[in-house]
Amino acid sequence: MHPSQSLRGGSLLLLLCLSLALGGCGQLARLGIGTTPIAQIEQNPARYTDVYVRGRVVNQIGVFGQGVYEIQDPSGSLWVITNKGLPAMNSTVTVRGKAQEGISVAGRRFGVSLVEVERF
């Protein structure tokens, strides 16, 4: 292998690593990398003050773009509280938020939920 080819390969690897580092977890989470299984969040919600979750939208309750929607992954389902509009039913979303226990919306009780900070 010629030294310039080795240098070029190393430069590309360095560029990739820097891109991932500067892009942060959000960029990887968009791809489903580094997200937390819902079942894990349900076991200890207080631990997850800034968490990424990925799942399919299976239910929603809302009015004027605010409300809650339920996402499901292979490990379980979780209600997400939003004021950013509701995602389309059956769409797959990645959500960053803060887990919390026991909320009530429109007279309906929900167990562990996630307060949405951003959605991809």
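All of the numbers you see were taken from the coordinates with simple rules; none came from a lab. Predicted model only: the values in this text are computed from it and were never measured. When we count neighbours, we look across all protein chains shown, and the Cβ atoms used for this are built from the backbone with ideal geometry, even at glycine.
Distance distribution note for segment 62-104: the fraction of Cα pairs above 17 angstrom is 30%.
For segment 36-120, run through the trypsin sites (Lys or Arg not before Pro) and keep only the ones in DSSP coil with at most 14 other Cβ atoms within 10 Å of their Cβ. Kindly include the intermediate steps, with their values, before the conclusion.
Values: sites: Arg47, Arg54, Arg56, Lys84, Arg96, Lys98, Arg108, Arg109, Arg119; in loops: Lys84.
For trypsin sites (Lys or Arg not before Pro) across segment 36-120 that sit outside H, G, I, E and B with at most 14 neighbouring Cβ atoms in 10 Å, the list reads Lys84.
Diffusion coefficient of segment 35-119 by Stokes-Einstein, Kirkwood radius over Cα pairs, 20 °C, 1.002 mPa s: 172 µm²/s.
Lys and Arg at +1, Asp and Glu at -1: add these up for the other residues within a Cβ distance under 12 Å of Gly67 and post the number. Computed value for this residue: 0. For segment 35-119, DSSP calls about 90 percent of its internal beta bridges antiparallel.
Near Val112, within a Cβ-to-Cβ distance under 10 Å, what is the net charge of the other residues, with Lys and Arg +1 and Asp and Glu -1?
Details: positive: none; negative: Glu42, Glu101.
Around Val112, the charge tally is -2.
Here the simple spin-label model places points 7 Å from the Cα toward Cβ, and for Gln43 and Glu118 these points are separated by 2.8 nm.
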